[in-house]
Amino acid sequence: VYPEELNEYSYKVLVVGDVGGGKTSIIQRFVYNSFSRQYKATIGVDFALKVMNLDENTVVRLQLWDIAGQERFGNMTRIYYKQAVGAFVVFDISRSDSFEGAKKWKADIDSKVVLPNKDPIPIVLLANKVDLLNSEVPSEELEKFCQEMGFVTWFATSAKENTNIEEAMKYLLEKIISFE
Ligand code: GDP
Ligand code: MG
C-alpha cells in the first residue's frame, strides 16, 4: 500500500447515559475485551482510544469519551461534547424506567453539539444488559422510539456477553465516515 492510499481518520465519539446503564463496561469490552461486575463510578469524564483498521487502506483513531451519568445535571457537558462527531446513548433495557433517561441525553447532545455543517451528530441508541432481559427484546417499541427521537439506529447489547458491541461501533463509524 502506498502512503497516499492510506486514509486516516481521528474521531471523537461520546458515550452517555444514566448512571449504571453500562457505558464504562461497553467501552471496556470494546477496547480491552474485558468485563467486570464491580461497579466503579466514573467521575467527570474518562477517555479510551481504540485504533481500528477498517480495511487495509483505512485507519481510524476512535476516541471514546465516557461521560459520568450525573453530568447532565451540570453545565460541563457542553465542554465535553465539543467537536464530537458521533455518540452512543446507553440505557439498561432490563429496567423499565430507563427510556426516559435516554430521551433526555439525546436532547442534551442535540442542543449542545452539531457537525461543522450544522447537521446533528449521528447518535446510536444502545439498549444494554440484554442478557438480563427475561422477555423478548421489544424491537417494535425500540424502533418507534428511535424514529421519534431521531436516533440513527439501535442495538440490543450486552457488555457482559459481548453482544453487538463491535457491530454498534462499526455501524456508527460507517455513518461518521459517510458524512466526511
Ligand atoms: P455506567 O455507570 O453507565 O458506566 O455503568 P457501568 O459500566 O459501570 O456498569 C454498571 C453495572 O452494570 C456494573 O456492575 C456492570 O458490571 C454491570 N453491567 C454493565 N453492562 C452489563 C451487561 O451488559 N450485562 C450485565 N448483566 N451487567 C452489566
Ligand atoms: Mg461509568
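The values are calculated or read from the model by the stated rules, or taken from the named source; none is laboratory data. Worth saying up front: this structure is predicted, and the values here are computed from it rather than measured. Because the Cβ atoms are built from the backbone with ideal geometry, glycine has one as well, and the counts that use them run over all protein chains shown.
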S111 vs. criteria in a loop (DSSP other than H, G, I, E, B), more than 26 Å from V59 (Cα to Cα) and of a type in the set (G, A, S): no
The correct count of residues that are more than 14 Å from the chain's Cα centre (by Cα) and part of a helix (DSSP H, G or I) in the range 149-180 is 3
Are any of the residues in the range 32-50 among the β-branched types (V, I, T), away from ligand 2 (no atom under 11 Å from the Cβ), touching a strand residue (DSSP E or B) at 6+ places or on another chain (Cβ under 6 Å) and more than 13 Å from F88 (Cβ to Cβ)? no
Taking the residues in the range 17-32 that are among the aliphatic types (A, V, I, L, M) and either farther than 12 Å from W105 by Cβ or at pLDDT 95 or above (or both) as candidates, determine which candidate is surrounded by the fewest Cβ atoms within 10 Å (Cβ to Cβ). V31
Do we have K12 as near ligand 2 (Cβ under 9 Å from one of its atoms) and of a type in the set (D, E, K, R) here? no
Close pairs from the range 131-155: first under 14 Å from R95 (Cα atoms) and among the charged types (D, E, K, R), partner at pLDDT 95 or above and surrounded by 12 or more Cβ atoms within 10 Å (Cβ to Cβ), Cβ under 6 Å, at least 6 apart: D131/S158; D131/K160; D131/E161
From (1) under 23 Å from I79 (Cβ atoms); (2) within 10 Å of ligand 2 (Cβ to nearest atom), pick out the condition that doesn't hold for L62. (2)
Please verify whether the range 37-44 includes one or more residues that are buried (at least 16 other Cβ atoms within 10 Å of the Cβ), of a type in the set (G, A, S) and within 7 Å of ligand 1 (Cβ to nearest atom). no
Considering only the range 99-116, how many residues are touching a residue at least 60 places away in the same chain (Cβ under 8 Å) and over 16 Å from the mean Cα position of the chain (by Cα)? 1
Of the residues that sit in the range 114-130 and are out of contact with any Lys or Arg (no Cβ under 9 Å at 6 or more places or on another chain) and assigned to a loop (DSSP other than H, G, I, E, B), which one is nearest to S94 (Cα to Cα)? I121
May I ask you to verify whether K23 is in contact (Cβ under 8 Å) with a residue 24 or more places away in the chain and more than 11 Å from ligand 1 (Cβ to nearest atom)? no
Does the range 58-81 hold any residues that are surrounded by fewer than 18 Cβ atoms within 10 Å (Cβ to Cβ) and of a type in the set (F, W, Y), and which are they? F73
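Table: residues versus (1) among the β-branched types (V, I, T); (2) closer than 15 Å to K175 by Cβ.
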site	(1), (2)
G86	no, yes
S98	no, no
D110	no, no
V113	yes, no
I123	yes, yes
K129	no, no
N134	no, no
S139	no, no
Q147	no, no
